[in-house]
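Below: one structure in structure tokens.
The values are calculated or read from the model by the stated rules, or taken from the named source; none is laboratory data. What you see is a predicted model, and the numbers here were worked out from it, not measured in a lab. Cβ placement follows ideal geometry from the backbone for every residue including glycine, while neighbour counts extend to all protein chains displayed. When the accessible area is computed, the model is the full protein with side chains, heavy atoms only, and any ligands, DNA or RNA have been set aside. Shrake-Rupley method; radii C 1.70, N 1.55, O 1.52, S 1.80 Å.
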Amino acid sequence: MKIVILDGYTENPGDLSWEGFEKLGELKVYDRTPAEEIATRIGDAEAVIVNKTPLSAETFAACPSVKYVGVLATGFNVVDVAAAKERGIPVCNIPTYGTTAVAQMAMALLLEICHHPQAHSQAVKEGEWTNNADWCFWKYPLIELAGKTMGIIGFGRIGQAVGRLAKAFGMEVVACDAHESESGKEIGTYVTLEELYQKSDVISLHCPLFPENQGMINRESIGRMKDGVILLNTSRGPLVDEEALAEALKSGKVFGAGLDVVSTEPIKADNPLLACGNCIITPHIAWAPKESRQRLMDIAVENLQAFCQGKAQNVVNG
């Protein structure tokens, strides 16, 4: 079979191998594909692999040879899955590869807010400790997590992994999720969203994005939170009303925010959060440790191999 990967660079900037796909067919890999070249580059390929390159109904109509779409991510909103289904094309994603990495990143953002190690290290290198009259100094408030409450919105695999890490720091864990599980109950206490807002010193978002929860972190919900709450988002940027969060950061209602995602990515130059000194923003890298990307690669190859054997797996439009 002919296989084309339209935007492989993010998954594999050169430190992984495409060998698994090469064993399954004739492979062509592009680092990136501009919109006007999508159909041309697909050509007569039967399997199309994408990360963020959009595949529309028009593209499927223009490329009748396509029999399979693999997404190098968990989210699959870049693909018109309904149009693919109409043509009998399974769309397969990667559901579980980044649990450990994303949970680790959420805690990394939290620890940066609590201790600012990089800023203090830079101050030392610039001579502030050498020339200090006292034996130590700190440039930001330092926060101990033990005894504080971590509220987790979305308590699936990643949310529960964050909960276990929070407990290791001595935090109490409360969680809100539409589906309660026994594994979740072993880690934290399920509460209503209102209770979570009221009780939490730290709120971490780990829920999927749906029309009904878009902008769920807004002026009203922030107003119901504790003064000085810390907000973490390693899930989906549109869960947060960024104007409202910027206002709350500037007023001190929200002490600090750690975000790996924003509403539009790459971030726009006029995003109001860029002007907030107490907001850490990283470029959607929670998923990206090499170990995590290798798992993603392995599952992506397994997905295509399963399709070739007539046993498609991880199908999101079945």
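Has the range 124-145 got any residue that is within 19 Å of the chain's Cα centre (by Cα) and under 24 Å from GLN104 (Cβ atoms)? Let's see the steps before the verdict.
From the range 124-145, those within 19 Å of the chain's Cα centre (by Cα) are none; that's our starting set.
Scanning the range 124-145, I find no residue that is within 19 Å of the chain's Cα centre (by Cα) and under 24 Å from GLN104 (Cβ atoms), so the answer is no.
Continuing with the same structure: Restricting the search to the range 268-316, which residues are within 14 Å of GLY98 (Cβ to Cβ) and touching a Phe, Trp or Tyr at 6+ places or on another chain (Cβ under 7 Å)?
SER292, ARG295, LEU296, ILE299
Could you give every pair whose Cβ atoms fall below 7 Å, whose first residue belongs to the range 155-174 and is closer than 11 Å to VAL102 by Cα, and whose second residue is surrounded by fewer than 23 Cβ atoms within 10 Å (Cβ to Cβ) and among the polar types (S, T, N, Q), counting only separations of at least 6 or pairs across chains?
ARG157/THR96; ARG157/THR99; ILE158/THR99; ALA161/THR99; ALA161/THR100
Kindly indicate which of ASN303, ASN317 is of a type in the set (S, T, N, Q), in a loop (DSSP other than H, G, I, E, B), open to solvent by less than 40 Å² (accessible area, probe 1.4 Å) and closer than 25 Å to TYR68 by Cβ.
Working: ASN303 fails: in a loop (DSSP other than H, G, I, E, B).
When all the criteria are applied, what remains is ASN317.
Criterion first (among the aliphatic types (A, V, I, L, M), closer than 22 Å to ILE158 by Cα and surrounded by fewer than 12 Cβ atoms within 10 Å (Cβ to Cβ)) does ALA73 satisfy it? Break it down stepwise before answering.
Numbers: among the aliphatic types (A, V, I, L, M): yes; closer than 22 Å to ILE158 by Cα: yes; surrounded by fewer than 12 Cβ atoms within 10 Å (Cβ to Cβ): no.
Here the answer is no, as ALA73 does not meet what is asked.
Being under 30 Å from GLU36 (Cα atoms), touching a residue at least 60 places away in the same chain (Cβ under 8 Å) and among the hydrophobic types (A, V, I, L, M, F, W, C) narrows it down to one of LEU110, LEU72, so name that one.
Working: LEU110 fails: under 30 Å from GLU36 (Cα atoms).
On inspection, the qualifying residue turns out to be LEU72.
Which one is most open to solvent (accessible area, probe 1.4 Å) among residues in the range 279-300 that are part of a loop (DSSP other than H, G, I, E, B) and touching a residue at least 40 places away in the same chain (Cβ under 8 Å)? First the steps, then the outcome.
Of all residues in the range 279-300, those part of a loop (DSSP other than H, G, I, E, B) come to 282-289.
Adding the requirement that they be touching a residue at least 40 places away in the same chain (Cβ under 8 Å) leaves 282, 285-289.
Details: THR282: 30, ILE285: 76, ALA286: 5, TRP287: 35, ALA288: 29, PRO289: 49 Å².
Among them, the one singled out is ILE285.
A further question follows. So which of GLU265, GLU242 ends up being touching a Gly at 6+ places or on another chain (Cβ under 8 Å), free of Cβ contacts under 8 Å to residues at least 60 places away in the same chain, open to solvent by 10 Å² or more (accessible area, probe 1.4 Å) and farther than 23 Å from GLN160 by Cα?
Working: GLU242 fails: touching a Gly at 6+ places or on another chain (Cβ under 8 Å).
Criteria check complete, one pass: GLU265.
So which residues in the range 177-202 are under 22 Å from GLN104 (Cβ atoms) and without any contact (Cβ under 8 Å) to a residue 40 or more places away in the chain, if there are any at all?
First, pick out the residues of the range 177-202 that are under 22 Å from GLN104 (Cβ atoms): 177, 181, 183-184, 186-188, 200-202.
Listed by number, the residues that qualify are ASP177, SER181, SER183, GLY184, GLU186, ILE187, GLY188.
Please work out which residue is nearest to CYS279 (Cα to Cα), limiting yourself to the range 217-229 and to residues that are outside any loop (DSSP other than H, G, I, E, B), open to solvent by 10 Å² or more (accessible area, probe 1.4 Å) and not small (Gly, Ala, Ser).
Initially, the range 217-229 is screened for residues outside any loop (DSSP other than H, G, I, E, B), giving 217, 219-223, 229.
Adding the requirement that they be open to solvent by 10 Å² or more (accessible area, probe 1.4 Å) leaves 219-220, 223.
After this cut, where a residue has to be not small (Gly, Ala, Ser) as well, the list is 219-220.
Details: ARG219: 17, GLU220: 20 Å.
Applying the filter and picking the extreme gives ARG219.
Can you tell me which residue among LYS85, LYS52 is surrounded by fewer than 21 Cβ atoms within 10 Å (Cβ to Cβ), within 20 Å of PHE21 (Cβ to Cβ) and of a type in the set (Lys, Arg)? Spell out the reasoning first.
Details: LYS85 fails: within 20 Å of PHE21 (Cβ to Cβ).
Checking each option against the conditions leaves just LYS52.
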